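Read through the structure below, which is laid out as C-alpha coordinates, and then see the notes.
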Amino acid sequence: MNAWEAQQVIAQSNAFEKERLVFAGLWTGVCIVGPVLSALDQGFKPYVITDACGDVSDEAHERAVQRMIQAGAIPMTSLQYLLALHRDARPPSVRHFVGASPWSSHVVPLEKIP
(Lines give C-alpha, C1' and ligand atoms only; values in the text may rest on other atoms or scores of the structure.)
Protein backbone atom coordinates (compact mmCIF):
# COMPACT_ATOMS: atom_id res chain seq x y z
CA MET A 1 0.00 0.00 0.00
CA ASN A 2 3.01 2.28 0.31
CA ALA A 3 4.43 2.66 -3.18
CA TRP A 4 7.61 4.06 -1.59
CA GLU A 5 8.45 0.54 -0.42
CA ALA A 6 9.06 -0.49 -4.04
CA GLN A 7 12.70 -0.01 -5.04
CA GLN A 8 11.65 1.13 -8.53
CA VAL A 9 9.67 4.03 -7.07
CA ILE A 10 12.54 5.11 -4.83
CA ALA A 11 15.04 4.83 -7.67
CA GLN A 12 12.87 6.82 -10.07
CA SER A 13 12.12 9.51 -7.48
CA ASN A 14 15.82 9.91 -6.77
CA ALA A 15 16.61 9.95 -10.50
CA PHE A 16 14.54 13.13 -10.93
CA GLU A 17 17.14 14.97 -8.85
CA LYS A 18 14.40 17.29 -7.58
CA GLU A 19 13.63 18.26 -4.01
CA ARG A 20 9.87 18.63 -4.50
CA LEU A 21 7.46 15.81 -5.31
CA VAL A 22 3.74 16.08 -6.01
CA PHE A 23 1.32 13.42 -4.78
CA ALA A 24 -2.28 12.55 -5.62
CA GLY A 25 -4.06 9.23 -5.59
CA LEU A 26 -7.12 7.19 -4.82
CA TRP A 27 -7.35 6.87 -1.03
CA THR A 28 -5.74 9.66 0.96
CA GLY A 29 -5.26 7.56 4.08
CA VAL A 30 -3.78 4.62 2.20
CA CYS A 31 -2.29 5.56 -1.18
CA ILE A 32 -1.02 9.01 -0.19
CA VAL A 33 -0.06 9.07 3.50
CA GLY A 34 2.50 6.25 3.30
CA PRO A 35 4.47 7.56 0.32
CA VAL A 36 4.32 11.17 1.56
CA LEU A 37 5.65 10.27 5.01
CA SER A 38 8.35 8.11 3.42
CA ALA A 39 9.33 10.93 1.05
CA LEU A 40 9.57 13.30 4.02
CA ASP A 41 11.82 10.81 5.82
CA GLN A 42 14.06 10.70 2.78
CA GLY A 43 14.37 14.50 2.68
CA PHE A 44 11.93 15.37 -0.09
CA LYS A 45 9.49 18.29 0.09
CA PRO A 46 6.12 16.68 -0.77
CA TYR A 47 3.11 18.58 -2.04
CA VAL A 48 -0.27 16.86 -1.75
CA ILE A 49 -3.04 17.68 -4.23
CA THR A 50 -5.83 17.35 -1.68
CA ASP A 51 -8.78 17.61 -4.07
CA ALA A 52 -7.33 14.95 -6.36
CA CYS A 53 -7.72 12.20 -3.76
CA GLY A 54 -10.36 11.14 -1.28
CA ASP A 55 -11.18 8.52 1.28
CA VAL A 56 -14.09 6.48 2.64
CA SER A 57 -15.40 9.62 4.37
CA ASP A 58 -14.66 13.33 4.56
CA GLU A 59 -13.43 12.77 8.10
CA ALA A 60 -10.96 10.07 7.01
CA HIS A 61 -9.67 12.31 4.20
CA GLU A 62 -9.27 15.32 6.51
CA ARG A 63 -7.47 13.32 9.21
CA ALA A 64 -5.05 11.91 6.62
CA VAL A 65 -4.38 15.39 5.21
CA GLN A 66 -3.83 16.80 8.71
CA ARG A 67 -1.42 13.97 9.52
CA MET A 68 0.66 14.81 6.44
CA ILE A 69 0.57 18.56 7.15
CA GLN A 70 1.75 17.96 10.73
CA ALA A 71 4.61 15.88 9.36
CA GLY A 72 5.65 18.66 6.95
CA ALA A 73 3.78 18.08 3.69
CA ILE A 74 2.35 21.05 1.80
CA PRO A 75 -1.33 20.83 0.76
CA MET A 76 -2.56 22.34 -2.53
CA THR A 77 -5.62 22.08 -4.72
CA SER A 78 -5.35 20.89 -8.30
CA LEU A 79 -6.16 24.38 -9.56
CA GLN A 80 -3.42 25.91 -7.38
CA TYR A 81 -0.98 23.36 -8.79
CA LEU A 82 -2.01 24.00 -12.38
CA LEU A 83 -1.69 27.74 -11.94
CA ALA A 84 1.67 27.36 -10.21
CA LEU A 85 2.95 25.49 -13.27
CA HIS A 86 1.58 28.15 -15.61
CA ARG A 87 2.21 31.48 -13.97
CA ASP A 88 0.61 33.33 -16.88
CA ALA A 89 -2.96 32.44 -17.93
CA ARG A 90 -2.74 34.13 -21.33
CA PRO A 91 -0.90 31.50 -23.45
CA PRO A 92 -3.18 29.26 -25.56
CA SER A 93 -1.86 26.11 -23.84
CA VAL A 94 -3.06 27.37 -20.47
CA ARG A 95 -6.41 28.49 -21.88
CA HIS A 96 -6.89 24.96 -23.21
CA PHE A 97 -6.22 23.40 -19.79
CA VAL A 98 -8.38 25.80 -17.84
CA GLY A 99 -11.21 25.67 -20.40
CA ALA A 100 -11.27 21.86 -20.33
CA SER A 101 -10.95 21.53 -16.57
CA PRO A 102 -13.59 20.83 -13.94
CA TRP A 103 -12.79 24.26 -12.49
CA SER A 104 -13.93 26.12 -15.60
CA SER A 105 -16.97 27.53 -13.86
CA HIS A 106 -14.82 28.81 -10.99
CA VAL A 107 -12.35 30.88 -12.99
CA VAL A 108 -12.56 34.01 -15.10
CA PRO A 109 -14.15 33.25 -18.48
CA LEU A 110 -11.43 32.61 -21.04
CA GLU A 111 -12.58 35.42 -23.32
CA LYS A 112 -11.93 37.89 -20.46
CA ILE A 113 -8.25 36.95 -20.20
CA PRO A 114 -6.21 39.56 -22.11
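The values are calculated or read from the model by the stated rules, or taken from the named source; none is laboratory data. Worth saying up front: this structure is predicted, and the values here are computed from it rather than measured. As a convention, Cβ positions derive from the backbone with ideal geometry for all residues, glycine included, and neighbour counts pool all protein chains shown.
Within segment 19-42, the set of residues being among the charged types (D, E, K, R) and in contact (Cβ under 8 Å) with a residue 12 or more places away in the chain comprises 19, 20. Summed over segment 26-51, the residues that are of a type outside the set (A, V, I, L, M) and either in a helix (DSSP H, G or I) or on the phi > 0 side of the Ramachandran plot (or both) give a count of 10. Within segment 68-89, the residues that satisfy the criterion of being assigned to a loop (DSSP other than H, G, I, E, B), modelled with pLDDT under 85 and either among the hydrophobic types (A, V, I, L, M, F, W, C) or surrounded by 10 or more Cβ atoms within 10 Å (Cβ to Cβ) (or both) are 86, 89.
Residues in segment 10-36 that are surrounded by 13 or more Cβ atoms within 10 Å (Cβ to Cβ) and out of contact with any helix residue (DSSP H, G or I) (no Cβ under 6 Å at 6 or more places or on another chain): 10, 13, 22, 27, 30, 31, 32, 34. Can you say whether residue 13 is under 25 Å from residue 83 (Cβ atoms), of a type in the set (Ser, Thr, Tyr) and part of a helix (DSSP H, G or I), as far as the supplied structure shows? The answer is yes for residue 13. Screening residue 7 with (1) buried (at least 19 other Cβ atoms within 10 Å of the Cβ); (2) farther than 24 Å from residue 63 by Cβ gives one miss only, at (1).
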